[in-house]
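To start, the structure under review is shown below, and the notes come after it.
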Amino acid sequence: MLEVSGLNAGYGRAQVLFDIALEARRGEVVALLGRNGAGKSTTLKAIMGLVPPLSGEVRFEGTRIDGREPHEIARLGLGYVPEDRRIFTDLTVAENLAVGRQPARADAPQWSTEHLLALFPALSRMLDRSGGRMSGGEQQMLCIARTLAGNPKAILLDEPSEGLAPLVVEQMAGVILELKRAGVTVLLAEQSARFTGRVADRGYTLEKGELLPA
Amino acid sequence: MSGSAVLLQFLNGLSGASALFLVAAGLSLIFGVTRIVNFAHGSLYMLGMYLAVWLSARIGFWASVPLAAALVAAGGAAVEMLLLRRIYKAPELFQLLATFAVVLLVKDLALWAWGPEDTLGPRAPGFAGAVEIAGRAFPQYDLLLIGLGPLVFLLLYLLLTKTRWGILVRAATQDREMVGALGVNQKLLFTAVFMLGAGLAGLGGALVIPREPASLEIDLAVVSDAFVVVVVGGLGSIPGAFLAALLIGEIKAFCIGLGYSKITLAVEFIVMAVVLVLRPWGLLGRPQAAMRGPAALEAPLDPPSGRAVAALLALFAGLAAIPAFTTGYTLVLLTDVLVFALFAASLHFMMGPGGMASFGHAAYFGLGAYGAGVLLLRLAAPMELALALAPLFALAGALVFGWFCVRLSGVYLAMLTLAFAQIAWSIAFQWDAVTGGSNGLIGVWPAAWLASKTAFYYAALLVCAAALALLWRLVFSPFGYALRASRDSALRAEAIGIPVRAVQWAAFCVAGLFAGLAGALFAFSKGSISPETLSVPRSVEGLVMVLLGGVQTLTGPVWGAALFTWLEDSVSRGFEYWRAAIGGVILLLVLAFPRGVAGFVRERIAR
Amino acid sequence: MSVLSVRGLSKAYGGVQAVHNVSFRVEGGEVVAMIGPNGAGKSTCFNMLNGQLAPDAGEIKLGEASLVGLAPHRIWRLGVGRTFQITATFGSMSVRENVQMALLSHHRRLASILSSAPRCCVDEADALLERVGMRSQAGRPCAVLAYGDLKRVELALALAHRPRLLLMDEPTAGMAPGERGELMQLAAVLARDDRLAVLFTEHDMDVVFGYASRVIVLHMGEIIASGTPDEVRADPRVREVYLGDA
């Protein structure tokens, strides 16, 4: 589904990632573990085209996507959920979902609005509320729902449990398992091994921009 | 004033507000999505006017209005695709400079195509007459305009809230990168928004031709009005722009109607001041929290090494020796270089260590120059005293304007400095009794012992060198450190007891004071002062000098000033379209070195 | 007399009550944790304590002095040091210069325009850096530091004015487990030796229950529980809205 090999990336003169190689097979939940600053977010951003890779290859369903624009990558069916949520706080919940909406794909699970609201019941009570007036946990739910509205084949999830109350972290784990059941491939960046241990099929560990041998 | 006259002025204000709203709404939309403050927005408006006048002579007024708007929209799209697309990732200031280059190019394009004279448009067929309102005649066309403003507002509102495209625009206004990661093609979105904004400006221009003649000065006048509207209304808020346009339109109408057209700007200023004190982010705007703060990775600034100081002293000695070799035009040019080096360095002080970009720094240069002229000619002060006291005029201006400016940051601050500079320019332009109006002041000559080119050159060299040394010393003083700390992180600076606003205000005043000194020297070196001295192009020249040399270097502004002064001198002598030439140079600079010349050199060295 | 006493503190944004009628005290020598779900009002509370936000109602006192309506820089002068959730340091300066800056402010020398800042308070700055374990990195630019080290620099900045109250907003977020313990240990030592009052927010329950002498739980803008770590951990309401069964 997703293959990365020899990936180097960074910001300006500072290189952050060194020779990253990883893969996620169809329907897998793969964890990317590491502490803050290890390069987890940068890896996801480089895959998504938000940080241009310096060298290396990124393939999505066999097609090379390194060097492509983020919107092209998103339209191929790769979704991205950023670490700091970045929902559109001036827009309502329904409008946030509308921004993420893409046409249905034959070979990916489809997420109609009803579907999404069933997965995130809390959102159905606040469709007209502006994103800025939601709690952190609700924002995180919306952020995932917004990406799912694009009917992705795979998603990159950046620290979905960061800064959330223990109770909401529980719910988040449930959502990830639900995604797996629906057949969405997930690449999950996390600091907490306790969390990934419950949801991931297997994992990679990053340290100072390099993968540790498994 | 009778009740009916009040009503009529009120209606007058409403019709003026409509065109203003169209321009401001476009500016706000474009800024929201692309984060570019489109300096050329007034030029698009001006282009709309000229095109409509020209077209209406051929295809009639009513056909010319939409066609002119469409042509301006197409022009806007071309500018976005050919120019802006290449610089979205460049520093904010470079983007502003690029759009200012467009201002210069469009101005000379209009000069070339339609000549320097003001051009009157036709009356609108079917709306040429007047209707009687409360016993007085009121132009039918103005009534039409009154209706058009709210109509366009309504359409824009529906577009932004009810269509998917509008939702995408609003989402991109907040976080364009995220919109891209969700599968939306930003390039298309940006071009479309720029087209819409440009089209609105063109429409605004085309619609006013039955009321006002097209002129080459309208571009900067309109864009600074639009800046005021946008700052008062709240940047990015279309309803805010509508409300503020009404407010400003009414103020203009009543001041003119009461026969006080000269105080219009002063009243506008007071209104803006009151709004900004009560709501720093505008009537309907939101706090700037969503905007990204100043770059966390500002380059470190080290005190000059012993070798650098020695090199500067050698340079000073070299400059002091020059009159031994030449006494001709070179000395005049070098005096200019010295004056502009000080001007650029004062601007750099607030831009570099202070992180406050000013688009109206010429206001303080001009205040110093006019201060010198007024002291010498109107108050009969001796030249030495005039030179010493003139910077205080600039200081006074900086005290007042700066108090407001430091309440904002980033592009908001830049827009406000521009609006203040435009106000200063208008006062200089209109206050005949003191400033000599459009003719300016003549006979501002130095004292007899400084009358020769050589003597004045030495005076300028001494004063500028001392002032530069003082400015640079300041950068590494505790005050200069507190200023840099406030720029790096205002949050942290406050949290360790630094009164951020007070520090920035003080820095604003220091920059104003030194610019005023440069202005006073400039006045005496030329013997005359014209309103050009504090015009917006002069402010932009200062910016170009600073950026040429590099914002993150201490002596950069001096080299930038030297290069630019020399360049301007060789290009502009006897060339009618010198503005376009300067614009071309700026574009070349921006496109060839999108990270700044200093950044370019640094990258080269690092390699 | 309590170092910090807060009474009836309230704040609403656009109709939403972010903090409602919150009252608590922090004594010198205490390390108090404020916990609660995201959006419970912890950050709003903190931002009112150091003057970034003006409360709608209520009273904040540092010893005898009221802090309501004062700007952050005045509150710092009265003796409140703060570290931020997302570290805020001066990126264009070295670690030492960052601390020198805070010391210049401490010695009220900000308006000095002719002395040389890089030569001011060098020894004092190094002593502070020694205390937080950053002495060896004094010459490095802040922009290149690791996250955990930045948190330490922030602590040095907060201590430069010898505060009576130290506010730490998620002090260990983004740090490795080992570093977390070190930083909190340092805070605990400061509280014990200098009689400093420490108030911090935190999501890592190991840190909260390991280092706090008292815990305050916020939920939807109100205090729903407060007491020793064990009392709070056992509170059914806290388990329901925040801790879950973890």
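Every read-out reported here was derived from the displayed coordinates using simple, explicitly stated rules and does not represent laboratory data. Only a predicted model underlies this, so the values are computations on that prediction, with no experimental measurement involved. For neighbour counting, all protein chains shown are included, and Cβ atoms are generated from backbone atoms with ideal geometry for every residue, glycine included.
Tabulated values for the structure
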| item | result |
| --- | --- |
| Isotropically averaged projected area of the stretch A:2-211, using the convex hull of Cα atoms (one quarter of hull area), nm² | 10.7 |
| Exposed GluC sites (Glu not before Pro) absent: longest stretch of chain B, with sites in DSSP loops and at most 12 other Cβ within 10 Å deemed exposed | B:218-575 |
| Theoretical ellipticity at 222 nm over chain C - DSSP helices of four or more residues, -39500 (n - 2.57) apiece, nearest 500 | -9500 deg cm²/dmol |
| Cα-based shape type of the stretch C:118-231, given that a ≥ b ≥ c are square roots of the gyration tensor eigenvalues and the cut on a/c is 1.5 | prolate |
| Ascending count of other beta-carbon atoms within 10 Å, so fewest first, for B:Phe316, B:Phe242 | B:Phe316, B:Phe242 |
| Chain C - Rg and Dmax from Cα coordinates, angstrom | 18.2, 62 |
| Per-residue [θ]222 nm for chain A (sum of -39500 (n - 2.57) over DSSP H runs n ≥ 4, rounded to 500) | -9500 deg cm²/dmol |
| Highest to lowest packing among A:170-177, B:124-131, scored as the average C-beta count within 10 Å | A:170-177, B:124-131 |
| The stretch A:1-129: relative contact order in percent, alpha carbon pairs under 8 Å with at least 6 residues between | 21 |
| The stretch B:109-188-the stretch A:91-123 distance, computed between alpha-carbon centres (Å) | 35 |
| Peptide A:48-61 - average C-beta neighbours from other chains (10 Å radius) | 1 |
| Expected 222 nm ellipticity per residue - DSSP helices of 4 or more, -39500 (n - 2.57), all of chain B, to 500 | -24000 deg cm²/dmol |
| Residue-count net charge about B:Ala19 - beta-carbon cut-off 13 Å; Lys, Arg +1, Asp, Glu -1 | -1 |
| Scattering curve values for the stretch B:53-203, log₁₀ I(q)/I(0), Debye with Cα scatterers, q = 0.11, 0.15, 0.17 Å⁻¹ | -0.62, -1.01, -1.16 |
| For the stretch C:97-113 versus the stretch B:375-414, the gap between their alpha-carbon centres in whole angstrom | 29 |
| Charge dipole (the protein assembly as shown, unit charges on Cβ, about Cα centre) - positive-most of B:Pro150, C:Leu199, C:Ser43 | B:Pro150 |
| The stretch B:429-499 shape via C-alpha gyration tensor axes, a/c threshold 1.5 | oblate |
| 62 Å tail of the calculated P(r), the protein assembly as shown, as % of Cα pairs | 11 |
| Which of A:Asn151, A:Ala38, A:Ile73, positive extreme of dipole for the stretch A:2-211 (C-beta unit charges) | A:Asn151 |
| Charge dipole magnitude, Cβ of K and R +1, D and E -1 - chain B, Cα centre, debye nearest 20 | 1260 |
| Of A:Gln139, A:Leu117, A:Ala189, farthest towards positive along the dipole that unit charges on Lys, Arg, Asp, Glu beta carbons give the stretch A:63-194 | A:Leu117 |
| Total charge dipole magnitude, the stretch B:3-216, about the Cα centre, Cβ charges on Lys, Arg, Asp, Glu only, Debye to nearest 20 | 560 |
| q = 0.13, 0.16 Å⁻¹: log10 I(q)/I(0) that the Debye formula gives for the stretch B:313-411, counting C-alpha atoms only | -0.64, -0.87 |
| In degrees, nearest ten, helix B:500-526 long axis to first principal axis of chain B (Cα) | 80 |
| The stretch B:3-216: relative contact order as a whole-number percent, Cα under 8 Å and 6+ apart | 45 |
| Diffusion constant of the stretch B:1-44 at 20 °C, which comes from Stokes-Einstein with the Kirkwood Cα-pair radius and 1.002 mPa s, µm²/s | 175 |
| Shielding score for A:81-92, defined as the mean number of other chain Cβ atoms within 10 Å | 4 |
| Cross-link pairs A:Lys40/C:Lys151; A:Lys40/B:Lys89; B:Lys162/B:Lys187; A:Lys208/C:Lys151; A:Lys180/C:Lys151; A:Lys153/C:Lys42 - those with Cα-Cα distance over 28 Å | A:Lys180/C:Lys151; A:Lys153/C:Lys42 |
| Helix axis angle, C:147-159 relative to chain C longest principal axis, alpha carbon, degrees | 80 |
| Per-residue mean of C-beta atoms belonging to partner chains within 10 Å, peptide C:99-108 | 5 |
| Summed side-chain charge close to B:Thr173 - residues other than B:Thr173 whose Cβ falls under 12 Å, Lys, Arg +1, Asp, Glu -1 | +2 |
| Tilt relative to chain B, helix B:41-59 - C-alpha long axis, 0 to 90 degrees, to 10 | 50 |
| Mean shadow area of the stretch B:452-575, taken as a quarter of the surface of its Cα convex hull (nm²) | 9.1 |
| Within straight-line cross-link reach of C:Lys61, aspartates and glutamates at Cα separation under 14 Å, skipping those fewer than 8 residues along the same chain | C:Glu27 |
| Test item: Cα-centred dipole of the protein assembly as shown, Lys/Arg +1 and Asp/Glu -1 on Cβ, debye | 380 |
| Most mobile of A:Glu114, A:Glu83, A:Glu23 in a GNM of chain A (Cα contacts under 10 Å) | A:Glu114 |
| Considering only the stretch A:2-211, percent of DSSP beta bridges that pair antiparallel, nearest 5 | 50 |
| Antiparallel DSSP beta bridges within the protein assembly as shown, as percent of all bridges there, nearest 5 | 55 |
| Cα extents of chain B along the three principal axes, largest first (Å) | 73, 59, 47 |
